[in-house]
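Working notes for the structure below.
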Amino acid sequence: MFNDIGPLELVTLIVLAVLVFGPDKLPKVIQDVTRTIRKIREFSESAKNDIREELGPEFKDFEFEDLNPKTFIRKQLDNEDLGLKEIRNGFDLKKEMAEVTDAVHSRDSDTSSASSSGAAGSSGGRIDMTKKPETPDPDDRPPFDADAT
């Protein structure tokens, strides 16, 4: 609960508590605070048990921590039934990127050799996905819109 409190902060809180409540009342205040925390925990546990009883036996393995989206997703991704670990371990991003890069570079060299030899269909059935600027014919005029002028 107090994992992020350092020793200097803890000493400061103790000194502040002694100054505010005094050494005579401090033990009673600590007892009251611990009793209140204990009652809150008991109340929350009884509320959880009541909710589990109302949900019925089909929700007997329901955990309230699963309502946190991060915990729920982590639990679902770690589920062995889905086989996601095999997919995650079988997918090598560097290998896939290298294959794509090789394909792009070889496609560029294929298109440059095909355009220099004059044979457009010699790319081996591959689709050329590179963008080439279209050169308009000198006789073609852009469309004329009489309403725009």
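The values are calculated or read from the model by the stated rules, or taken from the named source; none is laboratory data. These figures come from a predicted structure and were not determined experimentally. When we count neighbours, we look across all protein chains shown, and the Cβ atoms used for this are built from the backbone with ideal geometry, even at glycine. Each accessible area value is taken on the protein alone, full model and side chains, heavy atoms only, with ligands, DNA and RNA left out. Shrake-Rupley method; radii C 1.70, N 1.55, O 1.52, S 1.80 Å.
All conditions but one from (1) at pLDDT below 85; (2) closer than 30 Å to Ala17 by Cβ apply to Pro143; the one that does not is (2).
Here's the yes/no breakdown for (1) open to solvent by less than 70 Å² (accessible area, probe 1.4 Å); (2) outside any helix (DSSP H, G or I); (3) at pLDDT 85 or above; (4) small (Gly, Ala, Ser):
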site: Lys70; (1), (2), (3), (4): no, no, yes, no
site: Lys85; (1), (2), (3), (4): no, no, no, no
site: Asn89; (1), (2), (3), (4): no, no, no, no
site: Ala98; (1), (2), (3), (4): yes, no, yes, yes
site: Arg107; (1), (2), (3), (4): yes, no, no, no
site: Thr111; (1), (2), (3), (4): yes, no, no, no
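Residues of the stretch 17-51 that are under 20 Å from Phe62 (Cβ atoms) and β-branched (Val, Ile, Thr): Ile51 alone.
Taken over the stretch 33-64, the criterion of being in contact with a Lys or Arg (Cβ under 9 Å, 6 or more places away or on another chain) and part of a helix (DSSP H, G or I) is satisfied by Arg52, Phe59, Phe64. Across the stretch 3-53, the qualifying residues are those that are open to solvent by less than 90 Å² (accessible area, probe 1.4 Å) and of a type in the set (Lys, Arg), and the one among them that is modelled with the lowest pLDDT is Arg52.
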